[in-house]
Amino acid sequence: VAHRQLFQRAENFCQRYNLQIPVVMAPMAGACPPALATAVCQAGGMGACGTLLMNSAAIGDWAAGVRAQTNGAFQLNNWIPDPPPDRNAQHESSVRDYLGLWGPEVDPAAGNKATPNFAAQCEAMLDARPNVISSIMGLYDDDYVGRMKAAGIDWYATVTTVAEARAAVDAGADVVVVQGMEAGGHRGAFNADEAALRLAGLFSLLPAVVDAVDVPVIATGGIGDARGVAAAMILGASAVQLGTALLRSPEAAIPAPWADAIATANPEDTLATRAFSGRLGRSIAGEYAMAASGYTDVTAPEPAPYPVQRNLTAAMRAQAVAEGDINRMQAWAGQSARMAEAKPAANIVSDLWRDAQVLLAGD
Ligand SMILES: Cc1cc2nc3c(=O)[nH]c(=O)nc-3n(C[C@H](O)[C@H](O)[C@H](O)COP(=O)(O)O)c2cc1C
């Protein structure tokens, strides 16, 4: 019976979005070109776009680019803004000096760079009429949720604790995306100050959330092979969401040193750090990340808050990409990085689900 329920959950999820397989591409700001989403859609999964760094026109262009290739379902994702950061000129100056040791001298005005307008991005997401709009780092307000629902768009809320899951469902989330601390990229804790405090792993968090809420749950974080997919389904997920597992595909088109580092990173070779953006995120534990986090350099200043730190590190990060230097690159990666395969994204997702079904069928 449990076995039948598991496949029924997956089936219900797929039917709702006309998918063939219960596999969702993770929204990955800066690493989600239309070609990657298209490939996942063509394999029968759900595509995704992280709009964090995009303006309205780019969001519309992304959706049009995917629709030109497939009529598959996709989600558009955004970060709920944190309260404005507390700025400290003296501290930022010490961070700039420190970054100057790792990369180009940092422009004194770098920390003031404006981020794309959140409200405008939200309008552009609605205008693009995706199947799903997802959130991370918090919840959309009632007005926006109402407009989403009126347009027939489902809301997926990323959560990192049981309390966040309950709050998301109370606010109207149709689905919760449970993000374990294994996840590559930023941790979606609603409160930035508490991101490092409640680092629940997927094996504990997923069944706890499944028991606590009555909406479908998507599992994400460290799902790297068919065993992980099957385990997530047994723990109560209706679908799995893959980030790092897709990053070595040709469609992801990330810098080669980053893809190569993913291929060899054991779970202990990634690090949750504020060193790149000021928000806690999991990356390859390169020399800069280790030093700026205080592990190999006790003199390193605390990173500035998000998004100031992201702006301050921009010059170093750009230089690292230009020079192919993995030790200073912002190389997001989850703890199951090493399982990621260098093959077309469509094959990654369809092979994972095919092999997971074999494991789940038990014969
Ligand atoms: C390069 C990269 C960028 C990401 N950007 C976003 C983002 O913009 N919005 C978001 O909700 N999650 C983002 N994430 C987190 C993913 O949605 C997902 O939680 C994570 O990739 C799952 O863990 P995994 O990488 O081990 O599969 C990002 C992850 C990566 C690896």
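Throughout, read-outs are computed from the coordinates displayed, never taken from laboratory work. Bear in mind that the values here come from a model prediction, so they are computed numbers and not experimental data. FYI the Cβ positions are ideal-geometry reconstructions off the backbone, even for glycines, and counts take in every protein chain you see.
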Among residues of segment 196-213 being assigned to a loop (DSSP other than H, G, I, E, B), away from the ligand (no atom under 13 Å from the Cβ) and small (Gly, Ala, Ser), the residue surrounded by the most Cβ atoms within 10 Å (Cβ to Cβ) is ALA200
Those residues of segment 118-136 which are touching a residue at least 60 places away in the same chain (Cβ under 8 Å) and farther than 27 Å from CYS14 by Cβ amount to ALA120, GLN121, GLU123, ALA124
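Tally the residues that are within 16 Å of the ligand (Cβ to nearest atom), small (Gly, Ala, Ser) and farther than 13 Å from ALA245 by Cβ, restricting the search to segment 319-337. Don't jump to the end; show me each part of the working.
Looking only at segment 319-337, we keep the residues that are within 16 Å of the ligand (Cβ to nearest atom), and these are 320-321, 326, 329-337.
Subsequent filtering for residues that are small (Gly, Ala, Ser) retains 320, 331, 333-334, 336-337.
Next, from what is left, pick out any that are farther than 13 Å from ALA245 by Cβ: 320, 331.
Count: 2.
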Flagged in segment 1-38 as within 16 Å of the ligand (Cβ to nearest atom) and part of a helix (DSSP H, G or I), in numbering order, are PRO34, ALA35, LEU36, ALA37
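Looking at TYR140, TYR144 in this structure, which one is within 16 Å of the ligand (Cβ to nearest atom) and buried (at least 17 other Cβ atoms within 10 Å of the Cβ)? Outline the logic, then answer.
On the way: TYR144 fails: within 16 Å of the ligand (Cβ to nearest atom).
Of the residues listed, the single one that is within 16 Å of the ligand (Cβ to nearest atom) and buried (at least 17 other Cβ atoms within 10 Å of the Cβ) is TYR140.
For segment 95-192, list the strands (runs of 3 or more DSSP E) that sit wholly inside it and hold at least 1 residues that are touching an Asp or Glu at 6+ places or on another chain (Cβ under 6 Å); which are they?
Of the strands (runs of 3 or more DSSP E) lying wholly inside segment 95-192, those with at least 1 residues that are touching an Asp or Glu at 6+ places or on another chain (Cβ under 6 Å) span 132-136, 154-159.
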When (1) in contact with a strand residue (DSSP E or B) (Cβ under 7 Å, 6 or more places away or on another chain); (2) of a type in the set (Ser, Thr, Tyr); (3) more than 15 Å from the ligand (Cβ to nearest atom) are applied to TYR288, the one that fails is (1)
When every residue in segment 41-61 that is more than 13 Å from the ligand (Cβ to nearest atom) and hydrophobic (A, V, I, L, M, F, W, C) is compared, the one surrounded by the fewest Cβ atoms within 10 Å (Cβ to Cβ) is ALA57
ask   = Can you find a residue in segment 338-356 that is in contact (Cβ under 8 Å) with a residue 60 or more places away in the chain, over 19 Å from ALA39 (Cβ atoms) and within 13 Å of the ligand (Cβ to nearest atom)?
value = yes
Among residues of segment 214-228 being within 11 Å of the ligand (Cβ to nearest atom) and among the β-branched types (Val, Ile, Thr), the residue nearest to the chain's Cα centre (by Cα) is THR220
Of the conditions (1) within 19 Å of ALA29 (Cα to Cα); (2) within 16 Å of the ligand (Cβ to nearest atom); (3) of a type outside the set (Asp, Glu); (4) touching a residue at least 60 places away in the same chain (Cβ under 8 Å), the single one that LEU312 does not satisfy is (2)
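Kindly provide the set of residues from segment 229-242 that are more than 9 Å from the ligand (Cβ to nearest atom) and either more than 21 Å from CYS14 (Cα to Cα) or of a type in the set (A, V, I, L, M, F, W, C) (or both), ordered by number. Walk me through how you get there before you give the answer.
If we filter segment 229-242 for residues that are more than 9 Å from the ligand (Cβ to nearest atom), which is where we start, we get 229-239.
Correct list: VAL229, ALA230, ALA231, ALA232, MET233, ILE234, LEU235, ALA237, ALA239.
Could you say which residue among ALA245, ALA252 is within 16 Å of the chain's Cα centre (by Cα), in contact (Cβ under 8 Å) with a residue 60 or more places away in the chain, within 15 Å of the ligand (Cβ to nearest atom) and in a loop (DSSP other than H, G, I, E, B)? Spell out how you get there, then give the answer.
Details: ALA245 fails: in a loop (DSSP other than H, G, I, E, B).
One residue alone meets the criteria, ALA252.
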| Does segment 81-104 include one or more residues that are within 15 Å of the ligand (Cβ to nearest atom), at negative phi, under 17 Å from the mean Cα position of the chain (by Cα) and surrounded by 22 or more Cβ atoms within 10 Å (Cβ to Cβ)? | no
Condition set within 15 Å of the ligand (Cβ to nearest atom) and without any contact (Cβ under 8 Å) to a residue 24 or more places away in the chain, scope segment 155-195, selection surrounded by the most Cβ atoms within 10 Å (Cβ to Cβ): answer is ALA157
